[in-house]
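Reviewing the structure listed below.
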Amino acid sequence: MPKLSQTGGSSDAESLWERCLGIIRDNVSAQVFKTWFEQIRPLKWDGTLLTVEVPSQFFYEWIEEHYSSLLQKTIQKVMGAKARLQYQVVVDEGDSTLEQRTIRLPGARGAGQTKIAFPESGAPSPAKPAAPSAHYPTYFNPRYTFENFIRGENNQLATSAAMAVADNPGKTRYNPLVIYGPTGLGKTHLVQAIGNRVLQRDRNARVLYTNSEKFTMEYINAIQTNRVADFTNFYRSVDVLIVDDIQFLGGKEKTQDMFFHTFNALHQAGRQLILTSDKQPKDLADVDERLISRFTWGLTADIGMPDFETRMAILQQKSMEEGTDMPGDVLEYIARHVTSSVRELEGCLISLLAKVSLDGRELTLELAKEVVRGVTNSPSARSLTIDDIKNEVAAYYGQDVALLSAKTRKHEVVLARQMSMYLSKQLTKMSLKSIGMHFGGRDHTTVLHSCQQILNYIDTDKKVRADVEHLRKALLH
Ligand code: ADP
Ligand code: MG
């Protein structure tokens, strides 16, 4: 074993990585070596941890999926049994004064280690290396299960079909399973419950949960970085593909085309497809006929607003989950008056509990009325402007709103700016270009990068995910 510097630095990292490459070169084809390994840049070696830089999140996922065992073995051979690998993903902010931002990601897992399908609680955070799925970086919220999903007439068919599919993915007639209905009625809950159950039955199942926006952004990114073939292979290798909110495919012709071929390949191979939409497939605007016809090959099940009794049951279930015993008249009042979505029902309960536990208010019917008034009078998302979003986000992070359009690269400001761009893309109909204009005339690729960055954080960082949830709620109420 050669003597290694403990103080670390990039020259150590470089020479060690050079030796790793020597071994790797002998173990993979020239093509693979060129495509994947030549692009990895060694940054730092601290005696146990080798930090390398990779060009994208997608690149990282691919490397981990295909070469983690080879990498692990190589690194241990060159640097000793304790050596570990850590990745940094470069996020180009998209303009010339670029200061590269990075996200740290866990490195290769040991060859003999068991796979971790999804974290036991909450989502993975970059600080906890073993968290993301070893093979499919997909994050199922353990909160969404069939057990805590209340069945009612409104979701009977969708729930039965979801359970059947979860027990026998790819083997029922429900392929694809399309669940549609207005927002806030449990579509995401149901499809996440499928994912959770499939993984419960088989920890090694390749289940991927994504939404059509994330699919689109990854595809755009793959085009920009010449990795369309990798993107295609990646999506075609899953057993169960869940795509939430396919209505956002509308008008994106190239993405639809890619999705069409992915769909066909998976369907032909007997893999399970699960899709959700806010409207019936046939009513999807600007979606190619041939895709729509495929969406109706399996089962299309709707979810509607639950009736009063089901709303009561949901409220009871939720208050139990929150560990409180709500007076019957309070629950009934909420169930009678909040009729627009289950999300609002839940929102009411949460703000009621917040007023009680944080503001020290007494849990009375009066207080319930006050909360319900607040929720049901809220302005709708349609009227949101980018300025509303900027103001809300700046206030939330305690930043001056003007900084969001300025050139500052302080971490807090960058995060607030990226968050504002992401929420603008999500909650308004503005194009990437015009969003960029609202942020000091930034380029559309900067906006795209920001959105991707926040999506990455949502997957890997609890704090940012909570920020997103909080801000969405605040903006939509
Ligand atoms: P959608 O995806 O249709 O917009 P979600 O799945 O996000 O809706 O549901 C919104 C919230 O309502 C979630 O917190 C979910 O757990 C809850 N919810 C919806 N329907 C039910 C139900 N039948 N039982 C329990 N919780 C539900
Ligand atoms: Mg949803």
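The values are calculated or read from the model by the stated rules, or taken from the named source; none is laboratory data. Just so it is clear, the structure is predicted and the values come from calculations on it, not from any experiment. Note: ideal-geometry Cβ built from the backbone for every residue, glycine included; neighbour counts use all protein chains shown. When the accessible area is computed, the model is the full protein with side chains, heavy atoms only, and any ligands, DNA or RNA have been set aside. Shrake-Rupley method; radii C 1.70, N 1.55, O 1.52, S 1.80 Å.
Does Phe231 satisfy the condition of being at pLDDT 95 or above, under 20 Å from the mean Cα position of the chain (by Cα) and not aliphatic (A, V, I, L, M)? No; evaluated as a whole, the condition is false for this residue. Looking at region 24-37, can you tell me whether even one residue there is surrounded by 13 or more Cβ atoms within 10 Å (Cβ to Cβ), in the same structural domain as Gln86 (by TED's automatic domain parsing), touching a Phe, Trp or Tyr at 6+ places or on another chain (Cβ under 9 Å) and without any contact (Cβ under 8 Å) to a residue 12 or more places away in the chain? Within region 24-37, one or more residues are surrounded by 13 or more Cβ atoms within 10 Å (Cβ to Cβ), in the same structural domain as Gln86 (by TED's automatic domain parsing), touching a Phe, Trp or Tyr at 6+ places or on another chain (Cβ under 9 Å) and without any contact (Cβ under 8 Å) to a residue 12 or more places away in the chain. For Gly270, the requirement of being more than 16 Å from ligand 1 (Cβ to nearest atom) and either surrounded by fewer than 20 Cβ atoms within 10 Å (Cβ to Cβ) or modelled with pLDDT under 95 (or both) is met. Only one entry of Phe248, Phe234, Phe259 meets the criterion of being within 16 Å of ligand 1 (Cβ to nearest atom), of a type outside the set (Lys, Arg) and part of a helix (DSSP H, G or I), and that entry is Phe248.
Scanning region 299-319 for residues that are closer than 22 Å to Val191 by Cα, open to solvent by 30 Å² or more (accessible area, probe 1.4 Å) and either acidic (Asp, Glu) or in a loop (DSSP other than H, G, I, E, B) (or both) gives Asp302, Met305, Asp307. Residue count for region 184-234 under the criterion of being open to solvent by 20 Å² or more (accessible area, probe 1.4 Å), farther than 21 Å from Gln256 by Cα, basic (Lys, Arg) and out of contact with any Phe, Trp or Tyr (no Cβ under 7 Å at 6 or more places or on another chain): the result is 2. Determine, yes or no, whether Glu322 is outside the structural domain of Asp245 (by TED's automatic domain parsing), open to solvent by 40 Å² or more (accessible area, probe 1.4 Å), more than 27 Å from the chain's Cα centre (by Cα) and farther than 14 Å from Phe149 by Cβ. So Glu322 does not fit the description; no. Taking (1) at pLDDT 90 or above; (2) in the same structural domain as Lys463 (by TED's automatic domain parsing) in turn, Thr364 satisfies each apart from (2). Residues in region 322-343 that are more than 9 Å from ligand 1 (Cβ to nearest atom) and farther than 20 Å from Glu362 by Cα: Arg336, His337, Val338, Thr339, Ser340. Considering region 235-257 alone, what residues qualify as being over 16 Å from Tyr209 (Cβ atoms) and open to solvent by 20 Å² or more (accessible area, probe 1.4 Å)? Arg236, Gln247, Gly250, Gly251, Lys252, Glu253, Lys254, Asp257, listed by residue number. Would it be correct to say that Val90 is outside the structural domain of Ser237 (by TED's automatic domain parsing) and at pLDDT below 70? Answer is yes for this residue.
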